[in-house]
Structures are given as structure tokens and as C-alpha cells.
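Working notes, structure below.
Coordinate-derived values only; no laboratory data. In this text the structure is predicted, and so the values were computed from the model without any measurement.
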Amino acid sequence: MLGTTAPACAPPLVCAAGVPDDRVAALRRALDEVVAAPALAEVREALGLLGFVDADFGDYEPMLAIEREARAAGYLELFAEA
């Protein structure tokens, strides 16, 4: 191992703003089923997938701090501005 970084959220799973609430709920249930499915335990382990959580923008502050540090050091943009 060369080094580690601070813990941070994975990139978010998002859908279009106009997706109906029932479709969003179905997508969340599907992700929950992936986490709970015994048949997918080996796949989850290989991916390091422990589960999914609802996150808000503030949860991504560590990633944004890394982006600010990278910009200050002269690296290209890590994330597109919305």
C-alpha cells in the first residue's frame, strides 16, 4: 500500500429530476434487495459493497475538499460544475 485517503462517500447513484417518486422507491428497493440477497454475497464482497444509504450534499464535503486541494495544486477539474 502506498497510502490512504480520508473516508468519503462513493459517487452517488442518481436519476433524472423528473423521475416519479414510485420509480425512485422501486429503485431503492432493488438496491436493498442486492444488499440482502445471499446469492450476491460473493459479488458484494468482491466490490466492497456494504450497503446503500440516503446521503445529502454535505456528506460529499470530503470529496469536494479533495477537489479544492487538487485545483490549488494545478490539477484538472475532478467534477463538472452543475
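Observations, loosely collected:
- Counting 0.36 nm for each residue step from Glu33 to Leu47 and taking away their Cα separation leaves a gain of 3.5 nm.
- Among [x] 43, 39, 18; [y] 72, 40, 16; [z] 44, 23, 17, the entry derived from the coordinates for Cα extents along the principal axes in Å: [x]
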